[in-house]
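The values are calculated or read from the model by the stated rules, or taken from the named source; none is laboratory data. Nothing here was measured: the structure is a model prediction, and the numbers come from that model. Neighbour counts run over all protein chains shown; Cβ positions are idealised from the backbone, glycine included. Side chains are part of the model used for accessible areas, which takes the heavy atoms of the whole protein and leaves out ligands, DNA and RNA. Shrake-Rupley method; radii C 1.70, N 1.55, O 1.52, S 1.80 Å.
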Amino acid sequence: MPTKKSKVVVVGSLNIDQVFRVSDLPARGETISANHFQTTRGGKGANQAISAARQGVEVAMIGSVGNDENGRSYVTWLEEEENIDVSGISKSKYPTGSAFITVEEHTGENTIIVAGGANESLSRSTVQDLTPLIESASVLLVQLEVPVHTVVEAINIATRAGIPVVLNPSPMIPNFPWDDFAIAYVITNETEAAELLEFKPESNDLDYVRQEIHERRIQNLIITRGSETTLVYTREGDFFEVEPLPVLPIDTVGAGDAFAGCFAARIAEGASVEDAVRAANCAGALTTLGGGAQNPIPDREKVDQHLEQIPKRKLRTKRG
Ligand code: RIB
């Protein structure tokens, strides 16, 4: 079980999601009717914070919401219902961020458009002022839905304090300063991996990937692939795959966030990369079984119930 010292600090976004369930994603120039519409809480930062918190570790969130009803009720919810330390969430003069999401019913696939709003005003200096909070973490968890200079500042603070960083570079941006620091864990999906490394995961050119991640100072790279195995390239030069949990997804929104939050929580507790990925594969898959980004994120008990379905062995290992 987690100890008191297992703590994840998340620097990231909070959004209100407008979710439209549709039979087929609209084509360019097409107007379609939704089969169902729902407003829910989301944002990659908050989704990941909730996923980590439901694994039972301590979680603190640094972010920015609007000084509006959406923002206020969101912060209260995180504190009272999810047991997250919200002292690092500030109120902005801009409205709480929002996301427009379409979910295709027969595949569960989605498209997302984000209007950052208050997330855009999370500043470098705010993060500097919260240095002691970041320094209290066992793991810092960040994404790229808040300004990149703010994320970079948080990574620098954590790096100076010797705290491992989990970066989910989503949405992927050009010119992220990979050279400026070594990042312990980078989690991407296949599309982001292709952008990051100009690499097709299925080509599985191990030497190429090793070289590319070495150049970007990524110590461990984890590539999630939905219903396919998760690919893991470790700092020791190993490569292995972790089986997915077989599910029939109805909504994939937030699955990647559930993965990242669960992974960070398990790493904070001292789990191996392999065990953290096994748990995270369960968390990601189980999240696709319900609607919305946050509601279906599983707790620790649920993840543990499914863990033994994911073989604890490396399917392939190459050292070089
Ligand atoms: O990853 C899913 C999230 O992306 C949604 O909750 C939405 O707010 C966007 O940030």
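Can you pull out the residues in region 91-140 that are within 16 Å of the ligand (Cβ to nearest atom), within 20 Å of S33 (Cβ to Cβ) and of a type outside the set (A, V, I, L, M, F, W, C)? Once the filter is applied, which keeps residues that are within 16 Å of the ligand (Cβ to nearest atom), within 20 Å of S33 (Cβ to Cβ) and of a type outside the set (A, V, I, L, M, F, W, C), region 91-140 yields T102, E104, G108, E109, N110, T111.
Which residue out of G226, G270, G237, G254 is farther than 17 Å from R54 by Cβ, within 16 Å of the ligand (Cβ to nearest atom) and not charged (D, E, K, R)?
After ruling out the rest, the residue left standing is G226.
Among residues of region 125-145 being touching a helix residue (DSSP H, G or I) at 6+ places or on another chain (Cβ under 9 Å) and farther than 19 Å from A264 by Cα, the one that is surrounded by the most Cβ atoms within 10 Å (Cβ to Cβ) is V127. Of everything in region 36-74, what is open to solvent by 10 Å² or more (accessible area, probe 1.4 Å) and assigned to a helix (DSSP H, G or I)? Give them in sequence order. Listed by number, the residues that qualify are K44, A53, R54, E69, N70, R72, S73. Considering T126, T131, the condition of being among the polar types (S, T, N, Q) and either without any contact (Cβ under 8 Å) to a residue 24 or more places away in the chain or in contact with a strand residue (DSSP E or B) (Cβ under 9 Å, 6 or more places away or on another chain) (or both) is satisfied by T126 alone. The residues of region 12-45 that are of a type in the set (G, A, S), under 21 Å from E109 (Cα atoms) and either within 14 Å of the chain's Cα centre (by Cα) or within 16 Å of the ligand (Cβ to nearest atom) (or both), listed by number, are G42, G43, G45. Being modelled with pLDDT of 95 or more and of a type in the set (V, I, T) holds for only one residue in V103, V86, and it is V86.
The residues on offer are A184, A154, and the sole one that is small (G, A, S), part of a strand (DSSP E or B) and open to solvent by less than 20 Å² (accessible area, probe 1.4 Å) is A184. Output yes when any residue across region 116-139 is within 17 Å of the chain's Cα centre (by Cα) and part of a strand (DSSP E or B), and no when none is. Yes. Scanning region 178-220 for residues that are at pLDDT 95 or above and touching a Phe, Trp or Tyr at 6+ places or on another chain (Cβ under 8 Å) yields Y185, I187, R217, I218, Q219, N220. Within region 231-285, being outside any helix (DSSP H, G or I) and polar (S, T, N, Q) holds for T234, T252, S272. In this structure, S6 does not qualify as surrounded by 22 or more Cβ atoms within 10 Å (Cβ to Cβ), within 16 Å of the ligand (Cβ to nearest atom) and hydroxyl-bearing (S, T, Y).
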